[in-house]
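Asker: First the structure, which I've put down as structure tokens, then a few questions once you've had a look.
Any read-out appearing in this document is the output of simple, stated calculations on the displayed coordinates, not a laboratory observation. Treat the numbers as computed from the prediction; the structure is a model and nothing was measured. Quick reminder, even Gly has a Cβ in these numbers, built from the backbone with ideal geometry, and neighbours come from all protein chains shown.
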Amino acid sequence: MKTPLPSLRALARGLARRRGRRPALHPDGLLLSGVLDVLPPGDRPWGVAWLDSGGRYDVTVRWSRAAGLPERLPDGLGLALKVRDAAGPDRPLDLLLTSSGGGPLTRHLPLPRTDALGGPYSTLSGYRFPDRVRVVAAFPDEPGRGLPVRPSELAAALTRRPARFRLCAAARGEPWRQFATLSVRTAHPDPAAHPVAFDPYAASLADLPPTDRLRALREAAYAGSRQGRGAAEPQGARPPTHDARALARPLAVARAQGLFNIVGGSWPLVSLRSFESVYGAKTDRWLQRTSGALLASAGYGMLRTEPTPAGLRQARRIGVGTALTFLAIDLVYVPRRVIPATYLMDAAKEIAWLAAWWRVGRLPEGDVGGMGRVGDTTG
């Protein structure tokens, strides 16, 4: 399957050229000022120093239309936040949120709107909290209040009355839990003299990093947009994202072996009788079930491998380690007649997994590269 990254880059480049060198993404936006109040967590700490400390922070906000469609049409809306000093003095936290739903599926999907307060905004992909991955979302705190999306009208409306949001986080199967309130109130002073760039990967918290699931797509889209309007790469940009094709084969091996290990490890747990009909009767059945459960657990970890060089290196260590372990047992104890010759079938499978990892070759160094500075979320 062809990677979508070159096609996405070309599409963004073409859009920027058609728009007279305006950005392909989020071309129409408004820079605003706001205040973020982080709420005390009470008896349920998040395990994130910034969230558990509470406090008030100045915020720079950019409200924008993602595709730049005619204003009478619904468009995806962006809500970019730069929380000043959240990670320490002169170290901001950047959050990029997009108009979305609030359900288990729709929180990951961008949804177009004609009302700036018509529903929640989410990060679409998750953030790694200490205990699990959670999506962050901003919910309008004034149900029923309409707000225009045209920048000039939006600025006037916010001057008369600020917009308020509840910032929440939730993992799969969890209800939304609020951690802050956001008030967006006035136009940012002199935005031309103080250009603002947002980068959720560079401006993040050490104990609350974003996942990489949308990183490659965003990098490709913004890079194409910069090329289309003849803009230079931003200063301080990090190396480009690894081509997804370089990661596709090791990711396929990791997930295939993970599934194989889950099935093989679960077999004696689900039906020990049928397992013994192939591999012989066991004296210590508890030991067979224990080793099966451990193998299934290792397989689950491989099945959930992140598509990054670091994640794939870890998956390869697990995959090669389990394959070598079981291969050694097969080759040592079959000749000694401690286990039946049918275990040589398992030995052949383990050799096949080792060969698959050998064919993958060397994995890229480092992790998936950042998308550089993304300008003011306009690319």
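Asker: So if R0 is 30 Å, what FRET efficiency would Arg362 and Arg304 give, r being the distance between their Cβ atoms, rounded to the nearest 0.05?
Answerer: Efficiency computed from Cβ-Cβ geometry: 0.85.
Asker: Please give me the summed charge of the neighbours of Ala156: other residues whose Cβ is under 13 Å from its Cβ, Lys and Arg +1, Asp and Glu -1.
Answerer: Around Ala156, the charge tally is +3.
Asker: Scan around Ala180 for amide H atoms under 5 Å from its own, H built in the peptide plane at 1.01 Å from N, and keep only partners 5 or more places away or cross-chain.
Answerer: Residues meeting the amide H criterion: Leu39, Leu167.
Asker: Among rounded, prolate and oblate, which fits the stretch 244-360 when a ≥ b ≥ c are the square roots of the eigenvalues of its C-alpha gyration tensor, a/c under 1.5 means rounded, and a/b larger than b/c means prolate?
Answerer: prolate
Asker: Applying the Karplus parametrisation 6.51 cos²θ - 1.76 cosθ + 1.60 with θ = phi - 60° to the phi angles of the stretch 310-323, what ³J(HN,Hα) value in whole Hz is obtained for each residue in order, glycine and proline being reported as x?
Answerer: 5, x, 6, 5, 5, 4, 5, 4, 5, x, 5, x, 5, 5
Asker: Hey, rough spin-label estimate for Arg91 and Leu39, points 7 angstrom out along Cα→Cβ, what's it come to in nanometres?
Answerer: Calculated label separation equals 2.7 nm.
Asker: Shifting gears a bit: Using a/c under 1.5 as the rounded threshold, could you call the stretch 50-165 rounded, prolate or oblate? The axes a ≥ b ≥ c are square roots of the C-alpha gyration tensor eigenvalues, and prolate needs a/b larger than b/c, oblate otherwise.
Answerer: Oblate is the answer for the stretch 50-165, as a/c is 1.5 or above yet b/c matches or exceeds a/b.
Asker: A further question follows. In terms of modelled amide H atoms, which long-range or inter-chain residues lie less than 5 Å from the amide H of Phe129?
Answerer: Answer set, sorted by chain and number: Arg134.
Asker: Rank these for me by crowding, Arg62, Arg313, Arg172, going from fewest to most other beta carbons within 10 Å.
Answerer: Fewest-to-most ranking of Arg62, Arg313, Arg172: Arg172, Arg313, Arg62.
Asker: For the stretch 61-179, what does the relative contact order come out to in percent, with C-alpha contacts under 8 Å and a separation of six or more?
Answerer: 18 percent
Asker: Here is a follow-up. What net charge is computed for the residues neighbouring Arg56, neighbours being all others with C-beta under 12 Å from the C-beta of Arg56, Lys and Arg scored +1, Asp and Glu -1?
Answerer: -2
Asker: Follow-up question, since we're still on this one. Note down the nm distance, to one decimal, between modelled labels 7 Å out along Cα→Cβ at Thr211 and at Ser291.
Answerer: If labels sit at Thr211 and Ser291, their model points lie 3.4 nm apart.
Asker: Quick check: pseudo-label points 7 Å beyond the Cα along Cα→Cβ at Leu109 and Tyr333, how many nm apart are they?
Answerer: With each label point 7 Å from Cα toward Cβ, the separation is 5.0 nm.
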